[in-house]
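A.B. asks: Input: one structure, supplied below.
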Amino acid sequence: MKEYLKIERDQEWRDQLRKKIKNKERTTQERVSMTSLDPMERIKYQDREVNLGLNMEQAQREASRCMDCVNPTCIEGCPVSINIPKFIKNIERGEVLEAAKTLKETSALPAVCGRVCPQEKQCEAQCFYTLKLKKEPVAIGYLERFAADFEQQSGAVSVPETAPKKQVKVAAIGSGPASLSFAGDMIKLGYDVTVFEALHEVGGVLKYGIPEFRLPNHVVDVELESLAKMGVKFERNFIVGRTASFDDLKAEGYQAFFVASGAGLPRFMNIPGENYNGILSSNEYLTRVNLMNAAKEEFDTPVLKGQNVAVIGGGNTAMDSVRTAKRLGAERAMIIYRRSREEMPARVEEVLHAEEEGIEFLNLNNPVEYFADENGRVSKMRVQRMELGEPDASGRRRPVVVEGSEYDIPVDVVVVAIGVSPNPLVPSELPELKVSRWGTIEVDPETMQSSKPELFAGGDIVRGGATVILAMGDGRKAAAGMHKYLSQKNETAAN
């Protein structure tokens, strides 16, 4: 890897670009800001994207901040190992389509990652500006989105090259980011890849879990089309373990499987009144709106709308849910979170956007009971105030109850977004498969291989809930692990 990066960096055009602007001039430039829709305008629409992207002038100026480091630590922070300096320097010189091709060398979903990847915790956290200069990092995420969008809008979408076909069939179970990343790498290696999706739409959490105001469906569809053009096949409405068993698929010639069926099992708090009408999981709430078009008048998918909506949780899914509630007409949309603002796991940008849209944050509060009206519909929630104690195992300060601090809040919809558990179907179909006490599939962290040699796994079914980019990293590791496993197996069989 280091030798490859050095060869790329030593190319004449990169050398000339470095000499074009003095380092002092590069480092004194301010980081670009992303323009966004007016908050009061955007809350009227579920499908109007909040961030508007960069224009060419902004992108090239921001790209010129990149120092093209000899040791690009930013790449170390990227779970899919994008050659970050190469794609950024291509933007700086105006070769944006080349930048997009660079992204696709290792990422199956650059337009997606440019929108939802937490770069501030990964590549940008390892940027030279962050580590050495203590300044705002290069806006790697904004530039990734710019390059991917530029290519999509140009009509000249590139399709990565693939190796000659091996006539070896492999299956990916689930069609979320882990599977799509896996499929992209395996098809490049020449395998016959089929992705099996239980729902009627491919994309997994990208389609059902993330609202269009953050990730438009058409952006995901272009990425899916690229994979299809590479040769990846998609089977919809197909539940592995019900529509067909693993043994059935083996009989059809599939030699190995990548399980990335996600974590779609909602968690609740098990407090009094939690079964009243009007209290639902974030999974159900977001799926109805994002995948089943409940917010659109021409569709008849039912969804609960409320005037006083409370969302329990402090992660990105909670932000997506509460901002969706606002767009569905809630007068008061609230986040109820038992820790302080600083401990919230949601991206800073998502919290900022929520605040701009009028979302209330009731931090250091926790629900303890729900009450209903005469029809069984939730009408109020009792919360108690919390304070922060000593740090727990996660390193965050543990919330402690303030005795006698309970008070009531009127609510008519409550969305619970406190996490999810792995989908249990695949483990239940394979009782000999080793799983953790949380129901996640146990794998070798380097190869993502499970206790069944032909079965690999990644994403939320292994992690129990993680980011899109970490799931994609799992998919790439699994592809490398499976390729090695199948190469050795078939070589042995040939001998």
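A.B. asks: Restricting attention to segment 377-397, which residues are surrounded by fewer than 16 Cβ atoms within 10 Å (Cβ to Cβ) and either among the aliphatic types (A, V, I, L, M) or at pLDDT below 95 (or both)?
C.D. replies: Residues satisfying the conditions are Gly389, Glu390, Pro391, Asp392, Ala393, Ser394, Gly395, Arg396.
A.B. asks: Examine segment 394-411 for a residue that is assigned to a loop (DSSP other than H, G, I, E, B) and closer than 30 Å to Arg476 by Cα, and state whether such a residue exists.
C.D. replies: Looking for residues that are assigned to a loop (DSSP other than H, G, I, E, B) and closer than 30 Å to Arg476 by Cα, one finds at least one in segment 394-411, hence yes.
A.B. asks: Tally up the residues in segment 76-89 that are farther than 18 Å from Val112 by Cα and either touching a residue at least 60 places away in the same chain (Cβ under 8 Å) or hydroxyl-bearing (Ser, Thr, Tyr) (or both), please.
C.D. replies: Of the residues in segment 76-89, 3 are farther than 18 Å from Val112 by Cα and either touching a residue at least 60 places away in the same chain (Cβ under 8 Å) or hydroxyl-bearing (Ser, Thr, Tyr) (or both).
Okay, residues lined up against (1) basic (Lys, Arg); (2) in a loop (DSSP other than H, G, I, E, B); (3) in contact with an Asp or Glu (Cβ under 6 Å, 6 or more places away or on another chain); (4) outside the structural domain of Ser181 (by TED's automatic domain parsing):
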position: Lys6; (1), (2), (3), (4): yes, no, no, yes
position: Arg14; (1), (2), (3), (4): yes, no, no, yes
position: Gln29; (1), (2), (3), (4): no, yes, no, yes
position: Leu54; (1), (2), (3), (4): no, yes, no, yes
position: Pro85; (1), (2), (3), (4): no, no, yes, yes
position: Ile88; (1), (2), (3), (4): no, no, no, yes
position: Ala99; (1), (2), (3), (4): no, no, no, yes
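A.B. asks: Taking the criterion of being under 24 Å from Tyr276 (Cβ atoms), touching a residue at least 60 places away in the same chain (Cβ under 8 Å) and either buried (at least 16 other Cβ atoms within 10 Å of the Cβ) or in the same structural domain as Val116 (by TED's automatic domain parsing) (or both), would at least one residue in segment 358-371 satisfy it?
C.D. replies: yes
A.B. asks: Looking only at segment 449-471, which residues are in a loop (DSSP other than H, G, I, E, B), within 15 Å of the chain's Cα centre (by Cα) and in contact (Cβ under 8 Å) with a residue 24 or more places away in the chain?
C.D. replies: Taking segment 449-471 first, the residues in a loop (DSSP other than H, G, I, E, B) are 450-454, 458-459, 464-467.
If we keep only those that are within 15 Å of the chain's Cα centre (by Cα) as well, we get 458-459, 464-467.
Answer for segment 449-471, where residues must be in a loop (DSSP other than H, G, I, E, B), within 15 Å of the chain's Cα centre (by Cα) and in contact (Cβ under 8 Å) with a residue 24 or more places away in the chain: Gly458, Gly459, Gly464, Gly465, Thr467.
A.B. asks: For segment 301-329, which positions are crowded, with 24+ Cβ neighbours inside 10 Å and either hydrophobic (A, V, I, L, M, F, W, C) or outside any helix (DSSP H, G or I) (or both)?
C.D. replies: Of everything in segment 301-329, those that are crowded, with 24+ Cβ neighbours inside 10 Å and either hydrophobic (A, V, I, L, M, F, W, C) or outside any helix (DSSP H, G or I) (or both) turn out to be Val309, Ala310, Val311, Ile312, Gly313, Gly314, Ala318, Met319, Val322, Ala325.
A.B. asks: Considering Asp248, Asp221, which residue is over 29 Å from Asp47 (Cβ atoms), at pLDDT 95 or above and among the acidic types (Asp, Glu)?
C.D. replies: Being over 29 Å from Asp47 (Cβ atoms), at pLDDT 95 or above and among the acidic types (Asp, Glu) holds for just one of Asp248, Asp221, which is Asp248.
A.B. asks: Shifting gears a bit: Among the numbered criteria (1) part of a loop (DSSP other than H, G, I, E, B); (2) at pLDDT 95 or above; (3) buried (at least 16 other Cβ atoms within 10 Å of the Cβ), which one does Glu136 miss?
C.D. replies: Going through the list (1) part of a loop (DSSP other than H, G, I, E, B); (2) at pLDDT 95 or above; (3) buried (at least 16 other Cβ atoms within 10 Å of the Cβ), Glu136 breaks only (3).
A.B. asks: Looking only at segment 323-346, which residues are under 25 Å from Cys113 (Cα atoms) and in contact with a helix residue (DSSP H, G or I) (Cβ under 6 Å, 6 or more places away or on another chain)?
C.D. replies: Once the filter is applied, which keeps residues that are under 25 Å from Cys113 (Cα atoms) and in contact with a helix residue (DSSP H, G or I) (Cβ under 6 Å, 6 or more places away or on another chain), segment 323-346 yields Arg323, Thr324, Ala346.
A.B. asks: All but one of (1) surrounded by fewer than 20 Cβ atoms within 10 Å (Cβ to Cβ); (2) closer than 30 Å to His483 by Cα; (3) at pLDDT 95 or above hold for Arg242, so report the exception by its number.
C.D. replies: Of everything listed in (1) surrounded by fewer than 20 Cβ atoms within 10 Å (Cβ to Cβ); (2) closer than 30 Å to His483 by Cα; (3) at pLDDT 95 or above, Arg242 misses just condition (3).
A.B. asks: Working only within segment 252-270, note down all residues that are surrounded by fewer than 17 Cβ atoms within 10 Å (Cβ to Cβ), over 15 Å from Gln167 (Cα atoms) and at pLDDT 95 or above.
C.D. replies: Result: Phe268, Met269, Asn270.
The values are calculated or read from the model by the stated rules, or taken from the named source; none is laboratory data. Just so you know, these numbers come straight off a predicted model, no measurement behind them. Positions of Cβ are generated from backbone atoms using ideal geometry, with glycine treated the same way; all protein chains shown enter the neighbour counts.
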